[in-house]
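The values are calculated or read from the model by the stated rules, or taken from the named source; none is laboratory data. Predicted, not measured: the structure shown is a model, and the values here were computed from it. Backbone-built Cβ (ideal geometry, glycine too); neighbour counts: all protein chains shown.
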Amino acid sequence: MTAIAMHSAALAKRSLIKTMRTPEALIDVTIQPVIFLLLFTYLFGGAISGDRHEYLQLLLPGMLAQSLAMGGVALGQNLNADIEKGVFDRFRSLPISRAAPLVGAVCADVVRYLSVCVSLLLFGTIMGFRVETGFLPALGAVALSIGFGLCFCWISVWVGMMVRTSGAVQGIMFLLVLPLTFGSPVFVPTDTLPGWLQAFVAVNPITPLVKAIRGLLVGGPVAGPLGTTLLWMAGLLVVFVPLALRAYSRRA
Amino acid sequence: MTEDLVVRAEGLRKRFGSTQALDGVDLSMRRGTVLGVLGPNGAGKTTAVRVLATLLRPDEGRAFVAGIDVLKNPRQVRRKIGLTGQYASVDEDLTGVQNLVLIGRLLDLSGRDARRRADELLEWFDLSEAARRPAKTYSGGMRRRLDLAASLVGQPEVIFLDEPTTGLDPAKREDMWGVVRTQVASGASVLLTTQYLEEADALADEIVVVNHGRVIAHDTPDGLKRKVGGQTLRVRPADPARLPDVLRLLDVVAAPGTAAGLDETAGSRPGAASVPVSSDEALDKLIPALRADGVEVTELALHLPSLDEVFHALTGRVRTEELV
């Protein structure tokens, strides 16, 4: 058990070195969420909410959820590329746990998810966003976002193990992430949606996540959506970690 | 005898979709020797190495590396082996040192020991100056060396090299051969796959010839040459269009169990055909036959076989494919 932790740490360090060396690979977790934030606030904010500040207060917690769900896409792509290049053949010929390369890569992704939280909260604050709860709940919102990102990214890892090219990882993941994040209360109040779409919103895991983060940042019920979100996170891990590991072992 | 075999595989079979990559491969390598696995592209060499290096489970068969069952105890086998894959599997974003330290850490060396081992190997492979540069700035030869260094971090008993010199220029290739010889001198056993007959001849104590997922010969380089027959007859028609006729006539004088083929001796121009023959009487038969068919030749020679000819005779090259 300690061996797998040490090996994963060594491999996480590898991923971090790679991230440092290619800072442009952080665009999707820094500039991109900020652009979305600007776009929605100033372009749609007035139309949707009537009041830009009020919209920003609702939008920013939702953007956290969306950006975290998208943040894991690059991970699956990178792992897929690593396998294609043969880097993982070396790891597989070493006496380490098969899980270590994947666990290490996922752990290193924390840096990316933290970047999402920092850039959104920083730019949000400049644009007028205000935390209405307190420091600790806000910290809780960041922790929940990162925690969700760490669970959700295993889908991307699994897809990365299954498909042949890293481009396909992105295609498939966007096909999943876009409906999940747009079919949720991230951008709009859901009471104007048609019934079938409301039914989708109700079972969408992003919905309780957005509600919980909103509760933690700007006030509102937290316990209920938080519980549901934690259940979803556990479910994602239980299903996709074994799937990803199996796919990794099988991949020749 | 058996305990002296550091690699032993029996009846390995592996199918990928409709391709039978391994079709009952038996392999054995004596401790402290170099075994050359020779074969054309797609013969199954890489698949065999991947099975032995625990990267791939065969559909059937058994394999033992350093006496350990590859299928039952892959983890223990991984402690004994070093693998250098067909394409350099170094991490391009990491520096030379970082690549090697990572492998050391994964082999449970302490940070300091991993560092020391990395420096040692980098110096040995003449990469000290580039040690702190990302591997993506390395030349092809440097990457190969770093890749090989990475497979030696754990001082493995058995080293698998999958086409270690493919794509290297001749000087770099000889450097690589030097490294292999040094490893063997220090007690390691090396299994290397290659498409270069010259390489197998230069390095290997024994050669296994693989084609279509089967071992078609296993012998010493000299033994292989002897097995195929004493001599080879090479004929180059003045008109390349007459090659099919030459092949047909050569088949008539071929040593038993062999067939004529296009001559692919390294360094020779294309357009010649050759065949193993059992005695120089073949020459006496061939000359009148060529004359009778009106085939003019610019070259006609009888010589001792090269490994090329051995190989081509054994694999029974499909002539029609190459003529089309």
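Consider residue B:192 carefully, then state whether it is closer than 30 Å to residue B:257 by Cβ and surrounded by 18 or more Cβ atoms within 10 Å (Cβ to Cβ). Please lay out each step first, then the result.
Values: closer than 30 Å to residue B:257 by Cβ: yes; surrounded by 18 or more Cβ atoms within 10 Å (Cβ to Cβ): yes.
It is true that residue B:192 is closer than 30 Å to residue B:257 by Cβ and surrounded by 18 or more Cβ atoms within 10 Å (Cβ to Cβ).
Conditions tested, residue by residue: (1) within 14 Å of chain B (Cβ to nearest Cβ); (2) modelled with pLDDT under 95; (3) in contact with a Lys or Arg (Cβ under 9 Å, 6 or more places away or on another chain).
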| residue | (1), (2), (3) |
| --- | --- |
| A:20 | yes, yes, no |
| A:23 | yes, yes, no |
| A:28 | no, yes, yes |
| A:32 | no, yes, no |
| A:36 | no, yes, no |
| A:41 | no, yes, yes |
| A:47 | no, yes, no |
| A:52 | no, yes, no |
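Which one is nearest to residue B:204 (Cα to Cα), of the residues in segment B:9-22 that are buried (at least 16 other Cβ atoms within 10 Å of the Cβ) and of a type outside the set (Lys, Arg)? If we take residues in segment B:9-22 being buried (at least 16 other Cβ atoms within 10 Å of the Cβ) and of a type outside the set (Lys, Arg), then B:9 is nearest to residue B:204 (Cα to Cα). Checked against the criterion of being of a type in the set (Lys, Arg), touching a residue at least 24 places away in the same chain (Cβ under 8 Å) and under 26 Å from residue A:175 (Cα atoms), the candidates A:98, A:112 yield just one match: A:112. Set side by side, the residues B:167, B:213 differ, and just one is surrounded by fewer than 17 Cβ atoms within 10 Å (Cβ to Cβ), touching a residue at least 24 places away in the same chain (Cβ under 8 Å) and either touching a Gly at 6+ places or on another chain (Cβ under 7 Å) or of a type in the set (A, V, I, L, M, F, W, C) (or both), which is B:167.
In the set A:223, A:143, A:212, which member is within 28 Å of residue A:125 (Cα to Cα), at pLDDT 95 or above and surrounded by fewer than 16 Cβ atoms within 10 Å (Cβ to Cβ)? Full working, then the answer.
On the way: A:223 fails: at pLDDT 95 or above; A:212 fails: surrounded by fewer than 16 Cβ atoms within 10 Å (Cβ to Cβ).
Every option except A:143 fails the conditions.
Pairing each residue of segment A:213-236 that is charged (D, E, K, R) with any residue that is in a helix (DSSP H, G or I) and surrounded by 14 or more Cβ atoms within 10 Å (Cβ to Cβ), provided the two are 6+ apart or on different chains, yields C-beta distances under 6 Å for A:214/A:61. Total residues in segment A:175-212 satisfying the condition of being in contact (Cβ under 8 Å) with a residue 24 or more places away in the chain and of a type in the set (S, T, N, Q): the figure is 3. Of the candidates B:79, B:105, the single residue that is under 28 Å from the mean Cα position of the chain (by Cα), charged (D, E, K, R) and within 7 Å of chain A (Cβ to nearest Cβ) is B:79. Listed by position, the helices (runs of 4 or more DSSP H) inside segment B:55-156 whose residues that are at pLDDT below 95 and surrounded by fewer than 23 Cβ atoms within 10 Å (Cβ to Cβ) number at least 2 are B:74-80, B:111-124, B:140-152. The condition of being surrounded by 22 or more Cβ atoms within 10 Å (Cβ to Cβ), within 14 Å of another protein chain (Cβ to nearest Cβ) and touching a helix residue (DSSP H, G or I) at 6+ places or on another chain (Cβ under 6 Å) holds for only one of A:59, A:79, A:68, that being A:79.
The residues in segment B:1-32 that are within 14 Å of another protein chain (Cβ to nearest Cβ) and either more than 20 Å from the chain's Cα centre (by Cα) or of a type in the set (A, V, I, L, M, F, W, C) (or both) can be counted, and the count is 6.
A single member of A:25, A:9, A:5, A:47 is surrounded by fewer than 19 Cβ atoms within 10 Å (Cβ to Cβ), part of a helix (DSSP H, G or I) and over 24 Å from the mean Cα position of the chain (by Cα), and it is A:47. Among residues that are within 11 Å of chain B (Cβ to nearest Cβ) and more than 25 Å from residue A:160 (Cβ to Cβ), residue A:2 is included.
Screening segment A:87-145 for residues that are more than 14 Å from chain B (Cβ to nearest Cβ) and not in a helix (DSSP H, G or I) and picking the one that is farthest from residue A:51 (Cα to Cα) gives A:109.
If you scan segment B:43-76, which residues turn out to be facing chain A (nearest Cβ under 10 Å) and in contact with a helix residue (DSSP H, G or I) (Cβ under 6 Å, 6 or more places away or on another chain)? If the condition is that a residue be facing chain A (nearest Cβ under 10 Å) and in contact with a helix residue (DSSP H, G or I) (Cβ under 6 Å, 6 or more places away or on another chain), then B:54, B:55, B:56 are the ones that fit.
Taking segment B:11-43 as the range and being outside any strand (DSSP E or B) and under 18 Å from residue B:190 (Cα atoms) as the test, the residues that pass are B:31, B:32, B:33, B:39.
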